[in-house]
Structure formats: structure tokens, C-alpha cells
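This report refers to the structure that appears directly beneath it.
The values are calculated or read from the model by the stated rules, or taken from the named source; none is laboratory data. Remember, it's a predicted structure, so these values are computed and weren't measured experimentally. Here the Cβ positions follow ideal geometry from the backbone for every residue, glycine too, while neighbour counts run over all protein chains shown.
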Amino acid sequence: MKILNKLAFFLCLFCSLNSLAGTLYSFDNENLIGFEDGGKIIGSYLSEDHADGHLLECKFNFKTINSNTKKEKNKITAWEKNKYFQAKANGYLYIDDDGWRIQINFPSQGCKGFPRSVFSSIKMEAETAAISGKKNALGIFVLNKNTNYYSKSVDGFHPIQTKGDNLAKDDLVSAIEKQGDFTYIEHYSWTSRAIKSSGWIKSIDLGDSISQ
């Protein structure tokens, strides 16, 4: 029974990785990342700042509900909370030629005291994140355990012995491509959504997509 359960888990993970083949977006504002697949959008925002000697963290993930709604020549998508969503409010994502804008009131407790006017209940007052890059990807995930990178060679994959980047449980990563039992990821910083490192890990170490 345990063997069958493990086999079912591997098959589920394989299906999720291969079904989430879409576009990963990076922005001039490195606090934001986004992923689009078949008209559905997920994303993550993280920014830290120090004010009056206190650390302020503004952090939330989002996913769209209806990405085909049009309004004022902008593509507007309603989004809602999900499993890894720290916010208490729903909101809207505006997509136009200028970039992405998030319309929401105080998406999380840490954002209430955030000094920069990143979000707004009025679209035109919100800060615009211009798209700086696009690439094919499998999705945005969280790690389900502490793990490490593997090097790829002609005879397969091998653990990297030297200590480098720490890949910790619940860290956010994007999955770029899959080969056999391994997936190439980009690991995001703990203080923003800038890429901290990249490399191959075991696919089994990927947890849920933030769309779930």
C-alpha cells in the first residue's frame, strides 16, 4: 500500500509539472513575479523595508479568478486568496502596455505601514511594475523540504558537495524545466522576489504550486 501511495504521489507531481507549461514574468520591480498559463495568472509579492528601526514585510501570493474580463481597455483580473495567501482582502490585477498594477487595500498587515505607495484602491494611483523579461516555465512552487542542488553531467545528476545557497522548506521557487527525476529551478530571495540562485533539484522536493 505504501508503494502504491508513493507511486500515486510521483504520478501526481509529474502531471502537475507537465500540465503547468506557461510563461514566467519578471519585472523591473524585483518584488513581484508572475506566471500565466492558459489565461490564468498566479503571482507573488514580497518586499522588506526598515522604518523607525522596525522591519516591515509586505508579502502575499495571488491567483486570478476571471482573466478574460475587459475594462477600460485594460485586462483586469479578479484574484482571491489561496493556500499560501497572507492577505485578508481580495483585489484586482490590471495588465496593460505599461505593465501590471495591483488594486487592493492593505493586502497584509505588514503592508499597512509600508512607506511606498505600491498598492491602491484606485487603479491609476497604484505603482506600475513594468515587465522586464519572459521565459517558458512550469510554474511557481514552494519547497516541501530542505534540499540541495545537483550538478548535471553526461552520466547523470550528482549532489553538489560544496555548501552554497540554502534551499529551505517553504522557500519560493520557479520550475523552469524537468528532465527525468530532476527539475531546474530559480530560487528567490528571502527579502524580495529577485533570483538568488538557480540549479537542479530532485522533483520530489517541489511542494504545491502557489495556485493551489
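Tabulated data for the structure shown
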{"quantity": "Failed item in (1) crowded, with 16+ Cβ neighbours inside 10 Å; (2) among the polar types (S, T, N, Q); (3) in contact with a Phe, Trp or Tyr (Cβ under 9 Å, 6 or more places away or on another chain), with Gln179 passing the rest", "calculated": "(1)"}
{"quantity": "Tally, over the stretch 29-51, of residues that are acidic (Asp, Glu) and under 14 Å from the mean Cα position of the chain (by Cα)", "calculated": "3"}
{"quantity": "Residue list for the stretch 140-158, filter: part of a strand (DSSP E or B) and within 16 Å of Gln179 (Cβ to Cβ)", "calculated": "Tyr150, Ser151, Lys152, Ser153, Gly156, Phe157, His158"}
{"quantity": "Residues of the stretch 25-43 that turn out to be under 16 Å from Phe141 (Cβ atoms) and surrounded by fewer than 22 Cβ atoms within 10 Å (Cβ to Cβ), as a count", "calculated": "3"}
{"quantity": "Residue that is farthest from Arg193 (Cα to Cα) [pool: residues in the stretch 126-170 that are at pLDDT 90 or above and of a type in the set (Lys, Arg)]", "calculated": "Lys152"}
{"quantity": "Matching residues, the stretch 35-51, being more than 10 Å from Arg193 (Cα to Cα) and not in a loop (DSSP other than H, G, I, E, B)", "calculated": "Phe35, Glu36, Asp37, Lys40, Ile41, Ile42, Gly43, Glu48, Asp49, His50, Ala51"}
{"quantity": "Residue pairs meeting the criteria (Cβ under 6 Å; at least 6 apart or on separate chains; first without any contact (Cβ under 8 Å) to a residue 40 or more places away in the chain, in the stretch 127-139; second surrounded by 12 or more Cβ atoms within 10 Å (Cβ to Cβ) and not in a strand (DSSP E or B))", "calculated": "Thr128/Asp98"}
{"quantity": "Long-range neighbours under 6 Å by Cβ, at least six apart or interchain, first residue part of a strand (DSSP E or B) within the stretch 173-188, second among the acidic types (Asp, Glu)", "calculated": "Ser174/Glu186; Tyr184/Glu177"}
